[in-house]
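Values in this text are rule-based calculations from the coordinates and carry no lab data. Model, not experiment: these values are computed from the prediction. FYI the Cβ positions are ideal-geometry reconstructions off the backbone, even for glycines, and counts take in every protein chain you see.
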């Protein structure tokens with residue numbers, strides 16, 4: 001299991017990763033999953049992200065949905081930020 005806090009998500013603002021902005025990524029990420037990934041498992045993950053308060057656990061199955069989705073459709077800055085926030 002991995003953990004991540006989408007409510008206090010640290011987003012890199014530059015390629016050197018020197019500037020970081022803390023943002024609440026829950027609603028935007030949950031909306032994108034809800035609209036773009038098929039299946040009840042993706043719906044469940046989207047709802048858990050949306051309803052999370054602080055750090056949440058991600059199972060291996062969650063990561064199998066989330067990582068390809070992020071790596072295939074998000075900016076390099078978000079991908080690096082996601083990987084950095086994942087514990």
CD proxy, 222 nm, the chain: helix-only mean residue ellipticity via -39,500 (n - 2.57) per DSSP H run with n ≥ 4, per residue, nearest 500, stands at -16500 deg cm²/dmol
Length gained if residue 47 through residue 34 is fully extended, taking 0.36 nm per residue and subtracting the Cα-Cα distance, is 3.8 nm
Packing-ranked peptide list from 19-27, 5-13, highest mean Cβ count within 10 angstrom first, is 5-13, 19-27
Reviewing [x] 184; [y] 94; [z] 81, the figure for volume of the Cα convex hull per residue in Å³ actually calculated from this model sits under [z]
Exposure proxy check on 4, 70: fewest-to-most Cβ neighbours within 10 Å is 70, 4
Checking rank on 74-85, 30-41, with mean other Cβ inside 10 Å and highest first, the result is 74-85, 30-41
Most fluctuating of 65, 15, 49 in the GNM of the chain (C-alpha, under 10 Å) is 15
So for region 12-60, using the alpha carbon gyration tensor with a ≥ b ≥ c as root eigenvalues (a/c under 1.5 gives rounded; past that, a/b versus b/c decides prolate or oblate), I'd call it prolate
